Amino acid sequence: MIELFDLKFKNPVFLASGVFGFGLKYKLVTRAVGGIFTKGITLLPRMGNPPPRIYETCAGVINSVGLENPGVKEFKKHILPKIRKINNRIFVNVAGFSVEEYAQIIEEIGDTVTGFELNVSCPNVKEGGALFGQNPKMVAKIVKIVRKKTKLPLIVKLTANFCDPMIVAKASLESGADGISLINTIYGMAFDIHTKKPIIRGGLSGPAIKPFALYCVHRLKDLKVPIIGMGGIMSGSDAYEFILAGASAVAIGTAVLRDPYAPLRIIKELNFLLERGKNV
Ligand SMILES: Cc1cc2nc3c(=O)[nH]c(=O)nc-3n(C[C@H](O)[C@H](O)[C@H](O)COP(=O)(O)O)c2cc1C
């Protein structure tokens, strides 16, 4: 049992956004975890990108899913009630394409969930394609507007792509965020050496990014706010490293692409290490 945002969670292992659908298929896993970050929800439904969407590299995957989701209305009406029946600790991952969209999505969801995770790594159409998350002023603007719309825990999910997560974390917290989750995927690409053309450009996740993710979490540890650490966690000892780096909880992403039951094993292994750690 852990306490975050004055709420109790059965353990510190969460499902990361986007890799487990909405957690409706592997109910055993969805039920066992401390909480769930949903797939990124946008205002309107999105088909996502054409294939290839996932490409396996030597130590992780590059994805270019493109935020496929049914849109906030359909999510709230048909999907959310089903998830709630399995595990009611739900953070909706909110992906806006403008500052106003973040607010609209949060207003639509209301107080029917545990909290929100703001995905500030989406292209900002109005700002000419720049990423929100690399711009502390833009993130501050989003958080301030969203803060007025909800009293629920507000977690900002940071990118560490070409920017210092500390600067964006501070801007988020000063603007009213309650916690930080990190890291989102980092830029990656792969080439087909026969056609000499790129196969995919997208976000790299998995074991390849773990040391970098750990560094980013450790960089924020003195902020003394809840930090949910993620990036390449495949085992309980990986998760424990994130706790040692300063995370209050962890999230499992790419590991479930290899083994959907991985979170069950990770919870067990992490609990063992946390217990053992008390005596070291
Ligand atoms: C296929 C895939 C889809 C993802 N979709 C989202 C998303 O919709 N929103 C989001 O904030 N992060 C998304 N992520 C990022 C993960 O939640 C996580 O931050 C990242 O993959 C690092 O953790 P991992 O190495 O354990 O996968 C996605 C990652 C993958 C691999």
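Mind checking the log10 I(q)/I(0) for the chain at q = 0.12, 0.13, 0.15 Å⁻¹? Debye, one equal scatterer per Cα, no solvent, two decimals.
These q points yield log10 I(q)/I(0) values of -0.69, -0.82, -1.12.
For the chain, what's the relative contact order in percent, using C-alpha pairs closer than 8 Å and at least 6 residues apart?
Reported relative contact order: 18 percent.
So how do LYS148, LYS197 rank on accessible area, 1.4 Å probe, biggest first, that is with the largest at the start?
Details: LYS148 170, LYS197 130 Å².
From most exposed to least exposed: LYS148, LYS197.
Please report the accessible area of CYS163 (heavy atoms, 1.4 Å probe, ligands and nucleic acids excluded) in Å², nearest 10.
Approximately 30 Å² for this residue.
Output the peptides 131-138, 70-77 sorted from most to least packed, where packing is the average of other Cβ atoms within 10 Å over each peptide's residues. Numbers along the way, then the final one.
Values: 131-138: 19.4, 70-77: 16.8.
Peptide ranking by packing, descending: 131-138, 70-77.
How large is the accessible surface of PHE191 in square angstrom, using a 1.4 angstrom probe and rounding to the nearest 10?
110
Round to the nearest 0.05 the FRET efficiency obtained for VAL280 and ILE193 when R0 = 45 Å and r is the Cβ-Cβ distance.
For R0 = 45 Å, the calculated efficiency reads 0.40.
Where a ≥ b ≥ c are the square roots of the eigenvalues of the C-alpha gyration tensor, would you call region 162-260 rounded, which needs a/c under 1.5, or, failing that, prolate if a/b is larger than b/c, or oblate?
Values: a/c = 2.72, a/b = 1.58, b/c = 1.72.
Since a/c reaches 1.5 but b/c is at least a/b, the shape of region 162-260 is classed as oblate.
How many nm separate the modelled label positions at TYR215 and ARG53, each set 7 Å beyond the Cα in the direction of the Cβ?
3.2
In region 139-160, whose amide N lies under 12 Å from the spot 7 Å out along Cα-to-Cβ of ASP111? List them in ranges.
The answer is 150-153.
Please tell me the relative contact order of region 129-280 in percent, rounded to the nearest whole number, where contacts are Cα pairs under 8 Å and at least six residues apart. Before the final figure, lay out each step's value.
Working: 264 pairs, mean separation 25.7, N = 152.
Answer for region 129-280 is 17 percent.
Over all alpha-carbon pairs in region 214-280, figure out the percentage whose distance exceeds 19 Å. It would help to have the intermediate numbers written out before the result.
Details: 684 of 2211 pairs.
Result: 31 percent of Cα pairs exceed 19 Å.
Counting only the heavy atoms of the protein chains, how much of GLU269 is accessible to a 1.4 Å probe, in Å² to the nearest 10?
60
Kindly identify region 11-100 as rounded, prolate or oblate by the Cα gyration tensor criterion: order the square roots of the eigenvalues as a ≥ b ≥ c, call it rounded if a/c is under 1.5, otherwise compare a/b with b/c, prolate if a/b is larger, else oblate.
On the way: a/c = 1.88, a/b = 1.13, b/c = 1.67.
Oblate.
Ranked highest first by the average count of other Cβ atoms within 10 Å around their residues, in what order do 106-113, 45-52 fall? Working shown, then result.
Numbers: 106-113: 16.2, 45-52: 12.0.
Result, highest mean Cβ count within 10 Å first: 106-113, 45-52.
Roughly speaking, what is the centre-to-centre gap between region 253-280 and region 33-91 when only Cα atoms are used, to the nearest Å?
23
On the protein heavy atoms, probe 1.4 angstrom, tell me the percent of accessible surface of the chain carried by carbon and sulfur.
On the way: 7420 of 13150 Å².
On the chain, the fraction of accessible area on carbon and sulfur atoms equals 56 percent.
The values are calculated or read from the model by the stated rules, or taken from the named source; none is laboratory data. This structure is a prediction, so every number in the text was calculated from the model and none was measured. Counting neighbours? That spans all protein chains shown, and the Cβs are built from the backbone with ideal geometry, glycine included. Side chains included, ligands, DNA and RNA excluded: accessible areas come from the protein's heavy atoms. Shrake-Rupley method; radii C 1.70, N 1.55, O 1.52, S 1.80 Å.
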